[in-house]
Amino acid sequence: MTTVRGYLQLLGKKPEYAARKATFDLMISEVDRANAIITEFLSLAQTKQTELKSQDLNNILNNLYPHIEADAFTQNKQIRFILGEIPNLELNRSEITQLVLNLTRNGLEAMQERGCLTVKSYVEDCKVVLGIADVGCGIPPENLRKVGTPFFTTKDSGTGLGLAICYKIAESHNAKIDIDSSFRGTTFSISFPIPVVPQKA
Ligand SMILES: Nc1ncnc2c1ncn2[C@@H]1O[C@H](COP(=O)(O)OP(=O)(O)O)[C@@H](O)[C@H]1O
Ligand SMILES: [Mg+2]
């Protein structure tokens with residue numbers, strides 16, 4: 001794939017193909033898209049046991065703040081972080097990073113310009129909840145059952161793999177994903193079990 005992309009780039013720069021620049025750009029962007037799909041699909045197919053470590057979810061979220069803010073900024077949208085006091089959780093940092101980015105990307109993509117995406121963390125019913133709420137178009141009831149099925153997408157250039165990966169990551173963390181959606185927006189709530197601290201005898 002790298003070779004194909006490299007040759008397309010090289011040939012596309014030759015003067016005899018100057019008139020076909022748009023075609024070359026399209027071919028390159030399609031190679032990039034195929035590459036993104038394969039990379040995501042492979043991460044979905046990975047069966048290796050996830051390594052979990054006790055850590056602070058808020059710390060992972062705070063580290064992602066600049067990244068999500070930049071995504072929001074380029075789309076002319078807002079973000080808001082409301083991080084509560086939560087206990088450490090058993091987490092795999094890179095998987096949680098992936099989950100948060102997939103969900104925030106979807107949330108941003110669902111909203112009109114100037115819409116605000118809210119990322120929260122809080123404790124509820126003995127669980128730590130990560131909430132990602134947008135004020136976007138919502139998910140129609142007939143699609144609610146389908147989201148998370150690999151390759152289900154309503155976007156022209158979507159892969160339909162983002163949520164499938166989120167469900168897999170939630171499973172490896174014994175976490176549960178709830179979706180609350182209406183025409184006013186969508187909230188994804190991921191509830192993580194709070195680890196039991198071993199009691200001294
Ligand atoms: N926050 C959201 N608001 C509205 N629709 C959403 C949201 N998140 C996911 N969806 C719907 O679920 C589909 C699948 O999402 P995803 O698996 O991330 O794939 P993709 O983003 O590539 O389409 C999206 O195409 C969209 O229809
Ligand atoms: Mg997505």
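The values are calculated or read from the model by the stated rules, or taken from the named source; none is laboratory data. Please read all numbers here as calculations on a predicted model, not as lab measurements. Every residue, glycine among them, receives a Cβ derived from its backbone with ideal geometry; neighbour counts consider all protein chains shown. For accessibility, only protein heavy atoms count, side chains too; no ligands or nucleic acids. Shrake-Rupley method; radii C 1.70, N 1.55, O 1.52, S 1.80 Å.
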Would you confirm whether any residue within segment 99-120 is touching a Cys at 6+ places or on another chain (Cβ under 8 Å) and among the small types (Gly, Ala, Ser)? yes
Among the listed residues GLU16, GLU69, identify the single one that is exposed (fewer than 10 other Cβ atoms within 10 Å of the Cβ), assigned to a helix (DSSP H, G or I) and of a type in the set (D, E, K, R). GLU16
Which residues, counting only those in segment 123-148, are closer than 27 Å to GLN49 by Cα and either open to solvent by less than 40 Å² (accessible area, probe 1.4 Å) or in contact with a strand residue (DSSP E or B) (Cβ under 6 Å, 6 or more places away or on another chain) (or both)? LYS127, VAL128, VAL129, LEU130, GLY131, ILE132, VAL147, GLY148
Condition broken by ILE79, with the remaining ones in (1) within 12 Å of ligand 1 (Cβ to nearest atom); (2) in contact (Cβ under 8 Å) with a residue 12 or more places away in the chain; (3) over 21 Å from THR50 (Cβ atoms) satisfied: (1)
When the residues of segment 26-48 are filtered to those that are open to solvent by less than 60 Å² (accessible area, probe 1.4 Å) and β-branched (Val, Ile, Thr), which remaining residue is nearest to the chain's Cα centre (by Cα)? ILE37
Which condition number does ILE139 fail, the rest of (1) at pLDDT 95 or above; (2) among the β-branched types (Val, Ile, Thr); (3) assigned to a loop (DSSP other than H, G, I, E, B); (4) away from ligand 2 (no atom under 13 Å from the Cβ) being met? (4)
Scanning segment 102-121 residue by residue, those of a type outside the set (A, V, I, L, M, F, W, C) and in a strand (DSSP E or B) turn out to be THR118, LYS120, SER121
Among the residues of segment 90-97, is any free of Cβ contacts under 8 Å to residues at least 40 places away in the same chain, open to solvent by 50 Å² or more (accessible area, probe 1.4 Å) and outside any helix (DSSP H, G or I)? no
Scanning segment 154-185 for residues that are of a type in the set (Val, Ile, Thr) and over 16 Å from LEU101 (Cβ atoms), the one nearest to ligand 1 (Cβ to nearest atom) turns out to be THR154
Taking ILE165 as meeting all but one of (1) in contact with a Gly (Cβ under 8 Å, 6 or more places away or on another chain); (2) closer than 25 Å to GLU40 by Cβ; (3) open to solvent by less than 40 Å² (accessible area, probe 1.4 Å), write down the number of the exception. (1)
When restricted to PRO193, PRO198, the only residue away from ligand 2 (no atom under 16 Å from the Cβ) and at pLDDT 95 or above is PRO193
Within segment 151-177, track down each residue that is away from ligand 2 (no atom under 12 Å from the Cβ) and not hydroxyl-bearing (Ser, Thr, Tyr). ASP156, LYS168, ILE169, ALA170, GLU171, HIS173, ASN174, ALA175, LYS176, ILE177
Pull up segment 98-120, narrow it to residues that are under 17 Å from ASN62 (Cβ atoms) and either over 8 Å from the mean Cα position of the chain (by Cα) or away from ligand 2 (no atom under 15 Å from the Cβ) (or both), then point me to the one that is surrounded by the most Cβ atoms within 10 Å (Cβ to Cβ). LEU117
Take the residues in segment 1-50 that are among the basic types (Lys, Arg) and under 29 Å from LEU99 (Cβ atoms); name whichever of them is modelled with the highest pLDDT. ARG5
